[in-house]
Amino acid sequence: MTKETVEELRRTSIASIEAADSLDQLDSIRRGIVGKKGSVTQLLKGMGSAAPELRKELGSLINELKKELEQLAESRREQLARAAMDERLAEEWIDISLPVGAKPALAGRGGIHPLTRVQRELEHIFRGLGFTVVDGPEVETDYCNFEALNIPDTHPARDMQDTFFTTCGHLLRTHTSSIQVRSLQRLSPPLRIVAPGRCFRYERLDASHEHTFYQMEGMMIDRDVNVGHLIYFMRTLLREIFGSEQKIRLRPGYFPFVEPGFELDIWFQGRWLELLPCGLVHPKVLEFGGIDPKEWNGFAFGLGLSRLVMSRFQIDDIRHLQSGDLRFARQFR
Ligand code: PHE
């Protein structure tokens, strides 16, 4: 073994490291040079065959060579890794300014249900009028759904709102008016609330009756509220929803929790549509809520959300709304 042997090995090793064009290839080349059975390692082991006076010098030459080649392999590795990353980045690059392809997007994209859409619009309108959006439970107590709304146990009005009862005497709320009670209990006047929600009734089902439907309750309690205020808010609401002034009429309507009570109808497609039962909050309801009716009064309304959605989107059967039928839902994306 001579210096030439070392030099020769240096040249061939450098050439093969530099020729490696993948990380895998480089790895096996590196092992073939500086690994346990690699050429440089072998050379070091074969020192015995060198002339004794050269051993020291050759030994340090080989050790240096080993270091040099290891460094070279490392920098080649970095080079190859960077190139591989660049290649991946070039391949996986996404042009975010490109319009999404119409086909795949339409196939899988969901949409907002028309009920949700109208509910959100209404919430937005009412917030603008100083109302707070509140919520209440779908499983209600008899007290909040009937009793505190001036509908005692024996009252015939209960017959009009038959519903589903739990074994412990609670019920699925028949209207969002139960949230009037909860709001009176929790908040103090003056107050303005709207409460959208799902209601349930034991109904004979047809195109305009469903066991599950949506309402939006509204209530304003303040001093000296009169029917003029009620009409003003209802008009404003309908103008916001429909985009123009609507022809409306008030008919007397009976609900035990308002006095006087009205049915507010709107002129829609050539006929009167019953849309908004409403009235001035009955003093007894205020009393049930712990509020002095001599000092405070107010109005309440129970907007038929499902109805409104039907007239807005010209849906001819209320049962479509909760059908889960994609052919229906897709029309509103
Ligand atoms: N809760 C009544 C219903 O569901 C509607 C209503 C609400 C009437 C508020 C007057 C005031 O039929």
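The values are calculated or read from the model by the stated rules, or taken from the named source; none is laboratory data. Quick caveat: nothing in here was measured; it's all calculated off a predicted structure. Cβ: placed from backbone, ideal geometry, glycine included. Neighbour counts: every protein chain shown. For the accessible areas, the whole protein counts, side chains as well, though only heavy atoms, and no ligand, DNA or RNA atoms are used. Shrake-Rupley method; radii C 1.70, N 1.55, O 1.52, S 1.80 Å.
Give the shape of the range 123-180 as rounded, prolate or oblate, defined through the alpha-carbon gyration tensor: a ≥ b ≥ c are the square roots of its eigenvalues, a/c under 1.5 means rounded, and otherwise the shape is prolate if a/b is larger than b/c and oblate if not. All intermediate terms of the calculation are to be shown ahead of the outcome.
Values: a/c = 2.85, a/b = 1.99, b/c = 1.43.
Because a/c hits 1.5 or more and a/b exceeds b/c, the range 123-180 counts as prolate.
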Report summary line: In terms of the alpha carbon gyration tensor, root eigenvalues a ≥ b ≥ c, rounded if a/c is under 1.5 and otherwise prolate when a/b exceeds b/c or oblate, the range 189-259 is prolate
Report summary line: Under the helix-only model (-39500 (n - 2.57) for each DSSP H run of 4 or more, divided by the residues of the chain), the mean residue ellipticity at 222 nm, to 500 deg cm²/dmol, is -13500 deg cm²/dmol
Query raised in the report: the range 119-167 to the range 36-92: how many Å between their Cα centroids?
Result: 82 Å
Query raised in the report: What is the magnitude of the charge dipole of the range 114-332 about its Cα centre, with +1 placed on the Cβ of each Lys and Arg, -1 on the Cβ of each Asp and Glu, and no other charges, expressed in debye to the nearest 20?
Result: 680 debye
Query - Proximal charge balance of residue 266 [Cβ under 15 Å; K/R count +1, D/E count -1] - result: +3
Report task. Report, in degrees rounded to the nearest 10, the 0 to 90 angle that the Cα long axis of helix 23-34 makes with the longest principal axis of the chain. Result -> 30 degrees
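With the cut-off at 1.5 for a/c, could you classify the range 114-332 from its C-alpha gyration tensor as rounded, prolate or oblate?
Values: a/c = 1.66, a/b = 1.18, b/c = 1.41.
Oblate is the answer for the range 114-332, as a/c is 1.5 or above yet b/c matches or exceeds a/b.
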Query raised in the report: Lys/Arg Cβ at +1, Asp/Glu Cβ at -1, dipole of the chain taken about the Cα centre: which of 286, 54, 215 is farthest positive-ward?
Result: 54
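Given a 1.4 angstrom probe, I'd like the percentage of the accessible area of the range 3-92 that is carbon and sulfur, rounded to a whole number. It would help to have the intermediate numbers written out before the result.
Details: 3130 of 6100 Å².
Ligands and nucleic acids excluded, carbon and sulfur give 51 percent.
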Requested in this report: Along Cα→Cβ, 7 Å out, is where each label goes; now give me the distance between the ones at residue 284 and residue 78 in nm to one decimal.
Outcome: 8.7 nm
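Please give me, ordered by residue number, the GluC sites (Glu not before Pro) of the range 264-333 that lie in loop per DSSP and have at most 15 other Cβ atoms within 10 Å.
Details: sites: 274, 287, 295; in loops: 295.
Answer in residue order: 295.
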**Report entry** DSSP-loop trypsin sites (Lys or Arg not before Pro) across the range 1-49, with at most 15 other Cβ within 10 angstrom
**Finding:** 36, 37
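How large is the charge dipole for the range 48-173, taken about the Cα centre, if only the Cβ atoms of Lys, Arg (+1) and Asp, Glu (-1) carry charge, to the nearest 20 debye?
Values: 15 positive and 22 negative charges, 110 e Å.
It comes to approximately 520 debye.
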**Report entry** 1.4 Å probe accessible area per residue over the chain, in Å²
**Finding:** 57 Å²
